[in-house]
1. Quick one: is S188 touching a residue at least 40 places away in the same chain (Cβ under 8 Å) and more than 30 Å from V119 (Cα to Cα)?
2. Identify the residue in segment 163-178 that is away from the ligand (no atom under 15 Å from the Cβ) and either at pLDDT below 95 or aliphatic (A, V, I, L, M) (or both) and, among all such residues, is farthest from K147 (Cα to Cα).
3. Collect the residues in segment 179-194 that are within 14 Å of the ligand (Cβ to nearest atom) and either at positive phi or polar (S, T, N, Q) (or both), keeping them in residue-number order.
4. Please state which one of R14, R70, R77 is surrounded by fewer than 21 Cβ atoms within 10 Å (Cβ to Cβ) and farther than 27 Å from G196 by Cβ.
5. I want to confirm something. Restricting to segment 142-169 and keeping residues that are in contact with an Asp or Glu (Cβ under 7 Å, 6 or more places away or on another chain) and not aliphatic (A, V, I, L, M), which single residue is farthest from M91 (Cα to Cα)?
6. Looking only at segment 37-84, which residues are under 16 Å from the mean Cα position of the chain (by Cα), charged (D, E, K, R) and under 26 Å from T2 (Cα atoms)?
7. Would segment 284-294 turn up any residue that is assigned to a helix (DSSP H, G or I) and either touching a Pro at 6+ places or on another chain (Cβ under 9 Å) or among the small types (G, A, S) (or both)?
8. More than 16 Å from the ligand (Cβ to nearest atom) and modelled with pLDDT of 95 or more: does that describe V5?
Amino acid sequence: MTVTVRFAPSPTGRLHAGNIRTALINFMFAQKMSGDFILRLDDTDQERSTEEFAEGIREDLRWLGLNWDRQISQFDRLLRYVGVSENLKEMGRLYPAYETPEELDLKRKRQLARGKPPVYDRAALELSDAERAAFEAEGRTPHWRFKLDPVGVVWDDLVRGRQHVDAASLSDPVLIRGDGTYLYTLPSVVDDIDLGVTHIIRGEDHVANTAPQLQLFEALSAKPPAFGHHNLLVGPEGQALSKRDGSLSIEGLREEGLEALSVASYAATIGTSDPVAPHMSFDELVQAFAFSKLSRSPARFDPRDLRLLNAKLLHMLPFAAVAERLKAMDVGGGEAFWEAVRGNLEVLADTKLWWRVVEGPLAPVIDNGDLCLAAAKLLPPEPWNEETWPAWSSAVKAETGAKGKALFQPLRLALTGEQHGPELKALLPLIGRERAQARLEGKTA
Ligand code: GLU
């Protein structure tokens with residue numbers, strides 16, 4: 001069987017970390033099974049959907065490396081949904097209901113007061129033609145409900161195992177609003193059928209939609225796909241993620257300078273039985289993926305942990321993986337520079353700081369002028385290599401009697417302007433004799 005999955009965001013905001021997890025799980029599964037990954041834009045809500053958000057979503061997915069094989073927009077398919085709903089009406093599975101939201105609310109309150117579950121009572125099914133005509137004469141337009149079969153619905157969830165739902169305990173879902181617009185349920189099922197989706201993989205906030213959707217597949221004589229509902233992400237304080245929480249938007253994480261690979265590694269490994277760790281390539285993530293590893297409880301997305309993971313990833317990345325991007329940032333120094341500084345980076349852009357330290361101009365910080373002047377005089381002739389720093393600093397120690405922090409701190413401050421940083425044995429040859437001497441003498445170089 002060829003696997004086809006889809007990621008189905010609504011273009012009503014930018015993607016956040018939680019959406020991306022759904023996209024990633026779908027993508028990784030498709031890759032693993034050599035299947036197709038479809039991007040479906042759930043844009044039937046034309047008031048809130050915008051092309052700008054749709055483009056933002058595509059940009060976020062591209063940045064993360066989640067390339068799709070096909071893309072569709074639900075808005076382009078409205079006529080198809082109309083056709084299917086007409087069929088369902090003819091079959092008697094889609095019926096008009098006229099209650100206002102206030103009337104429905106009142107019904108629910110009454111049921112609850114009597115200790116009954118607030119399930120829609122299907123009063124609309126009892127209406128006579130005359131009663132319907134009277135409502136319409138009043139100016140009411142019907143919303144349309146899908147008539148559920150009151151039977152047990154069972155599916156083997158890829159993540160949650162066997163699930164049982166008694167459809168008799170559910171309200172008949174509204175598929176079409178009074179203004180004629182579609183809620184998500186019907187378009188989603190129709191698209192999944194038409195696109196040959198084999199696995200619906202989504203967050204567990206959609207579990208409650210599955211039984212009605214399975215009945216809809218059946219009503220439309222389609223073989224239902226497999227379903228998998230993964231655990232959701234929550235923010236660092238346990239709060240639900242929302243599109244309005246900009247700090248966890250993919251755009252925000254990208255602007256912070258985080259690596260796409262660390263965002264993907266983090267979002268794919270939290271809330272699983274695998275350790276949260278950086279992966280050196282997308283392929284590694286794909287190979288490690290399995291539904292059975294997903295945990296059942298919510299996974300905490302903490303931007304601080306993501307930053308740590310980002311640093312760990314940078315510390316491991318070979319020069320070839322970043323060479324192009326360093327060039328684009330005007331950071332030179334080649335492999336020697338990268339090897340010297342990568343252990344001190346949180347984000348790739350930190351290389352700019354260290355490149356400035358190497359290239360100058362840099363105003364030195366002189367903490368012990370006498371020591372620095374003595375050290376300047378002892379600088380050996382070039383060429384320099386990793387042996388230069390230990391030999392030279394030993395010579396400075398022998399000459400001045402300074403040792404430990406009293407020796408190293410003034411030299412580091414003079415040479416780099418910073419208290420901490422990459423190992424000087426790697427940095428010193430990159431700074432070179434001319435600049436080192438000038439800085440030790442207190443000059444900007
Ligand atoms: N547009 C829905 C959402 O973003 C898609 C749900 C589904 O995958 O079926 O939640």
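The values are calculated or read from the model by the stated rules, or taken from the named source; none is laboratory data. Predicted model only: the values in this text are computed from it and were never measured. Virtual Cβ from ideal backbone geometry, glycine too; neighbours counted across all protein chains shown.
1. So S188 fails the test.
2. Residues of segment 163-178 that are away from the ligand (no atom under 15 Å from the Cβ), as a first pass: 163-172, 174, 176-178.
If we keep only those that are either at pLDDT below 95 or aliphatic (A, V, I, L, M) (or both) as well, we get 165, 167-168, 170, 174, 176.
Working: V165: 16, A167: 10, A168: 11, L170: 10, V174: 9, I176: 13 Å.
So, considering only residues that are away from the ligand (no atom under 15 Å from the Cβ) and either at pLDDT below 95 or aliphatic (A, V, I, L, M) (or both), the one farthest from K147 (Cα to Cα) is V165.
3. Within segment 179-194, the subset within 14 Å of the ligand (Cβ to nearest atom) is 182-193.
Scanning segment 179-194 gives T185, S188.
4. Numbers: R70 fails: farther than 27 Å from G196 by Cβ; R77 fails: farther than 27 Å from G196 by Cβ.
Result: R14 is the single residue among R14, R70, R77 that is surrounded by fewer than 21 Cβ atoms within 10 Å (Cβ to Cβ) and farther than 27 Å from G196 by Cβ.
5. Top of the filtered list is R162.
6. The answer is R58, R62.
7. Within segment 284-294, one or more residues are assigned to a helix (DSSP H, G or I) and either touching a Pro at 6+ places or on another chain (Cβ under 9 Å) or among the small types (G, A, S) (or both).
8. Working: more than 16 Å from the ligand (Cβ to nearest atom): no; modelled with pLDDT of 95 or more: yes.
No; evaluated as a whole, the condition is false for this residue.
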